[in-house]
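Below: one structure, written as structure tokens.
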Amino acid sequence: MRILSYLRELNDALTDWENYQSISIEELREDRDKRNMVLHALLVSIQASIDIATYIIAQRSLEKPSTYRETFEILGREKIIPEELADELSDLAGFRNVLVHIYWGLNLDEVYGVLQNDLSTLKKFMACVKELQREKT
């Protein structure tokens, strides 16, 4: 199943994310390799979550989102995930756009804040999706 591969990818990226939380803001600023590892883990984690959300929407024939942010808003409106979680995920979807368009210039303080504070949001989402999968079987 495609969703299982998305969940594996998300789990692996979240493991990396958790490992990288020990990196200091100074290391993030000064060490390009560490910065790239962090950025990659954040991007893959958020993108995998978007892919999972899009998959759920398609499987349930819900309205088509026009943005990545809206993907999570739909899941919240449909009570598939809690609305507070949907809001947090929508913010991360917006942050994903910043990561993808890195040439705009990254605010490393913002990156560091996401690294330190938003892992739990994606872990909650993964737990919700796993529960949805259990309910299906």
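Rule-based calculations on the coordinates, nothing more; no lab input. Everything numeric here is computed off the predicted structure, so don't read it as measured data. No Cβ is skipped: glycine too gets one built from the backbone with ideal geometry, and neighbour counts run over all protein chains shown.
Show me 26-39, 68-81, 43-56 ranked by packing, highest mean number of other Cβ atoms within 10 Å first.
43-56, 68-81, 26-39
Report the number of Lys pairs in the chain whose alpha-carbons are under 26 Å apart, with separation of 8 or more residues or on distinct chains.
Pairs that pass both the separation and distance tests number 13.
Between Leu62 and Arg32, what is the label-to-label distance in nm when each label sits 7 Å out along the Cα-to-Cβ direction?
Calculated label separation equals 4.1 nm.
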